[in-house]
Amino acid sequence: MTAAILPFAAQPPGFEWFDDEPVFDPAVHLQLEAPELIRTLDEFGYTEDEVACTASPVAATSAFRMLSAEGAAVMLAVARRLESFAEANPRIERSVRSGCHRSRWLRDLCISPEVTEHLCSIYSVDVAPHPITSQLGHLNYAPAEVGTAVDKWHHDTLALDYVMMVADPIVLDGGDFEYFVGTKAEVATFADRGERPPADRCVSVQWPGAGFAVALHGNMVVHRGGPLHQAGERISMVNGYITTDVRVDDQTRNVDLFHVDEPVTLAREWARYAAWRSRRRLDVLIEDFDRADAVADPIEAAQRLAHATHDVDVAIADLRRTDRPEIHHYEHAHSPDA
Ligand SMILES: [Fe+2]
């Protein structure tokens with residue numbers, strides 16, 4: 001069974017645990033079922049080369065059950081309780097980050113080895129819960145105003161995640177979870193023309209109920225939470241994963257997280273994660289170069305070292321930045337109703 005690659009990080013200052021929650025019990029709260037449909041990145045138009053450096057060939061799944069009825073009821077209660085911490089950011093009107101440092105139940109769901117194992121089988125690769133804890137258990141709530149999208153068209157700041165409906169999606173009028181069957185480059189072209197992805201190339205996920213999720217290759221599949229047509233309780237939860245194979249790209253835009261996360265905690269957890277990736281890559285390099293038949297010319301050896309320390313180099317450069325680049329999404333000011 002896949003374990004977390006790093007221990008769950010320490011609770012940041014100013015956070016307190018809810019002290020009267022049920023204990024997360026996988027036997028009671030989970031009901032893991034396989035998705036009927038798993039779409040792959042090549043169906044979306046990505047080339048073999050583009051897919052090769054990503055975490056998984058999987059793009060998106062149909063909705064599958066993750067929580068039992070009892071688990072879904074606890075999840076909804078936890079999400080409603082966390083709603084008082086909701087904040088706005090440049091992409092989402094109301095979201096809660098780092099709920100896993102307030103709710104042990106949410107934390108234990110998000111790092112559950114049973115769920116992780118289930119996602120390994122869906123993604124066809126070994127995955128682990130994201131070591132940056134704000135990337136776990138992210139909650140989105142419906143905007144105050146009907147007709148405003150829950151979240152703009154975007155791709156995620158991390159490679160792999162699932163999106164779970166927390167409040168019953170059946171009773172909602174609107175608030176669809178939609179993804180575009182195409183590449184990020186295509187959406188960027190539409191956005192430059194002030195257009196959104198065409199509806200006939202978008203899929204609106206069919207949700208059988210609360211506690212169901214879709215697994216996504218979040219930073220390769222452009223998606224959004226659409227607007228509600230009538231006021232209603234719409235809550236979704238997004239939980240992030242990484243591949244444990246450090247040979248592929250990290251695919252993250254951690255620098256965007258300064259818009260949504262507390263900087264001191266983010267810096268600590270990002271530095272720790274980058275150090276883990278580079279350490280693993282350096283270990284692989286040592287093993288490779290220790291082999292009796294290992295050959296590397298000076299340029300190749302330098303490239304291997306640069307590859308190994310790449311994530312640390314990016315972290316050093318980005319953590320030293322004093323500007324804060326705009327959080328990325330595909331809806332510019334000139335979009336029709338952005
Ligand atoms: Fe997203």
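When the helices in the chain are scored as -39500 (n - 2.57) per DSSP H run of 4 or longer and the sum is shared across all residues, what 222 nm value do you end up with, to the nearest 500 deg cm²/dmol?
Calculated from helices alone, the mean residue ellipticity at 222 nm is -9500 deg cm²/dmol.
Heavy-atom accessible area of Thr265 with all protein chains present, probe 1.4 Å, nearest 10 Å²?
In the full protein context, Thr265 sits at about 20 Å².
With a 1.4 Å probe and every protein chain kept in, tell me what percent of the accessible surface of the stretch 102-206 is carbon plus sulfur.
48
Taking Cα pairs under 8 Å and at least six residues apart, what relative contact order does the chain come out at, in percent?
Relative contact order of the chain: 22 percent.
Per-residue accessible area for Val146 at 1.4 Å probe radius, Å² rounded to 10?
70
If you take the alpha carbon radius of gyration of the stretch 3-90 and divide it by 2.2 N^0.38 Å, what ratio comes out, to two decimals?
Ratio of Cα Rg to 2.2 N^0.38 Å: 1.53.
With all protein chains present, calculate the accessible area of Trp153 using a 1.4 Å probe and round the result to the nearest 10 Å².
Rounded to the nearest 10, that gives 10 Å².
Count the net charge of all other residues whose Cβ sits under 12 Å from the Cβ of Pro197, scoring Lys and Arg as +1 and Asp and Glu as -1.
Values: positive: Lys152, Lys184, Arg193, Arg196, Arg201, Arg224; negative: Glu178, Glu186, Glu195, Asp200, Glu331.
Once positives and negatives cancel, what remains is +1.
Please state, rounded to one decimal and in Å, the Kirkwood hydrodynamic radius that the stretch 143-266 gives when every pair of distinct Cα atoms enters the mean of 1/r.
On the way: mean 1/r = 0.0634 Å⁻¹.
Evaluated over the stretch 143-266, this radius sits at 15.8 Å.
On a 0 to 90 degree scale, rounded to 10, what angle separates helix 113-123 from the longest Cα axis of the chain?
That helix lies at roughly 80 degrees to the long axis.
Quote the charge dipole size of the chain about the Cα centre in Debye, to the nearest 20; the model charges only the Cβ of Lys and Arg (+1) and of Asp and Glu (-1).
Taking the Cα centre of the chain as origin, the dipole is about 600 debye.
Taking N as the number of residues in the stretch 26-245, what is its Cα Rg relative to 2.2 N^0.38 Å?
Relative to the 2.2 N^0.38 Å estimate, the stretch 26-245 comes out at 0.95.
Any chance you could give the angle, 0 to 90 degrees and rounded to 10, that helix 298-320 forms with the longest Cα principal axis of the chain?
Once rounded, one gets 40 degrees.
Note down the net charge around Tyr179, summing +1 for each Lys or Arg and -1 for each Asp or Glu among other residues with Cβ under 14 Å from its Cβ.
Summing Lys/Arg as +1 and Asp/Glu as -1 gives -2.
Taking only Cα atoms, what is the 0 to 90° angle, nearest 10, from helix 69-82's long axis to the longest principal axis of the chain?
For helix 69-82, the angle is close to 90 degrees.
Going from most exposed to least, what order do Phe85, Phe44, Phe258 have by accessible area with a 1.4 Å probe?
Correct descending sequence by accessible area is Phe85, Phe258, Phe44.
The values are calculated or read from the model by the stated rules, or taken from the named source; none is laboratory data. Computed from a predicted model, the values in this text were never measured in an experiment. Virtual Cβ from ideal backbone geometry, glycine too; neighbours counted across all protein chains shown. SASA here: full protein model, heavy atoms, side chains in, ligands and nucleic acids out. Shrake-Rupley method; radii C 1.70, N 1.55, O 1.52, S 1.80 Å.
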